[in-house]
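Engineer: If you scroll down you'll find the structure; I have some questions about it.
Just so it is clear, none of the values below were taken in a lab; they were calculated from the coordinates. Since this is a predicted model, take the numbers as computed values, not measurements. As a convention, Cβ positions derive from the backbone with ideal geometry for all residues, glycine included, and neighbour counts pool all protein chains shown.
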Amino acid sequence: MSWIREGELTIIERFCANIIKAGPMPKHVAFIMDGNRRYAQKCHVERQQGHSQGFDKLAQTLRWCLNLGIREVTVYAFSIENFKRSKEEVDGLMDLARQKFSRLLEEQESLKKHGVCIRVLGDLPLLPLDIQELIAQAVLATRNYNNDVSESLLDKCLYTNNSPDPDLLIRTSGEVRLSDFLLWQTSHSCLVFQSVLWPEYTFWNLCEAILRFQMNYNALQKARDSYMEERRRQQMERDQAYVTKKLQQEGCSPRGAHGDSRRRRTLLQKCTAMREERIQGFLQALEHKRADFFERLCTVSA
Ligand code: IPE
Ligand code: IPE
Ligand code: MG
């Protein structure tokens, strides 16, 4: 039995989904699934039961997202802070994650047909030493190329770099904080805090969150565009300053004759191309280090 593909929407849900889909839709939604233990307490069931129903709710929510055409979902299932909970609770949560996520991964081939791709990510309790070492190397390598260090490079270094930033972030259970989840990536996302406890989340709660995204869509888009424009402008300014310095070193007048302005254009193109090359090299090294690290981690935990 499939974990997330079971069941279609009811007629009324389908009707409302079609209305919502007429507006701008979030392409990537992030969830902080909170409130499992309060739900367990409220329903007088075991804590583990609350967590188990939380995982089942995730399966159901992924199906709704699929039906709504949302192809990218990121969920916060466990935080580093959560390791401070009792051993019994952490072990129980890990067992559930193993069971439910491995089932989801088994289904990924058939899900690919729906355009769905699954990645299970985790935050690491400590920044691995070799990644720290790589950052140190990068700092040394870029010492002479301050222009390389930018916000867009930081984006590319994060493990979320293959996804667009979330358009919508939802946290349930009435808590109004991000608890360290995707802090950088959600700076221009629509944040929706809902009071419902995660295991009780409904299709209608999801619709409400999407409607709130749609109501704020223009403002969000405008803020995102002007932020990207500002990034481009700053990079251009830094490159121009670098070229001016180079021209001065060559004895050319920075605002000089026709020949000088041609030289300026050539230098600018060269500077951009060389930066791109350095950055690609750095990112490839980072990717290799990361892959090695995870391979070793899997060998140790196998
Ligand atoms: C969220 O629910 C699930 C995890 C953190 C694993 P909680 O376990 O935080 O439940 P509450 O917030 O205490 O009710
Ligand atoms: C938040 O965990 C992370 C998840 C919901 C997975 P908590 O519910 O323990 O969050 P804080 O620590 O109270 O913010
Ligand atoms: Mg909680």
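Engineer: With a point put 7 Å past each Cα toward its Cβ, work out how far residue 8 is from residue 154 in nm, to one decimal.
Structural biologist: 4.7 nm
Engineer: Considering only 228, 273, 243, whose Cα is most displaced toward the positive end of the charge dipole of the stretch 220-297, charges sitting on Cβ of Lys, Arg (+1) and Asp, Glu (-1)?
Structural biologist: After comparing all options, I get 243.
Engineer: If you don't mind, another one. Could you state the principal axis extents of the C-alpha atoms in the stretch 156-302, from the largest down, to the nearest angstrom?
Structural biologist: Taking max minus min along each principal axis of the Cα atoms, the stretch 156-302 gives 70, 48, 20 Å.
Engineer: OK, next. Collect residues whose amide H, placed 1.01 Å from N in the peptide plane, falls under 5 Å from the amide H of residue 74; neighbours closer than 5 in sequence don't count.
Structural biologist: 29, 30, 31
Engineer: Only Cα pairs under 8 Å and at least 6 apart count here; give the relative contact order of the stretch 186-302 as a rounded whole percent.
Structural biologist: 17 percent
Engineer: May I ask you to list the chymotrypsin sites (Phe, Trp or Tyr not before Pro) in the stretch 183-267 that are in a DSSP loop and have at most 11 other Cβ atoms within 10 Å of their Cβ?
Structural biologist: Sparse-neighbourhood loop chymotrypsin sites (Phe, Trp or Tyr not before Pro): 184.
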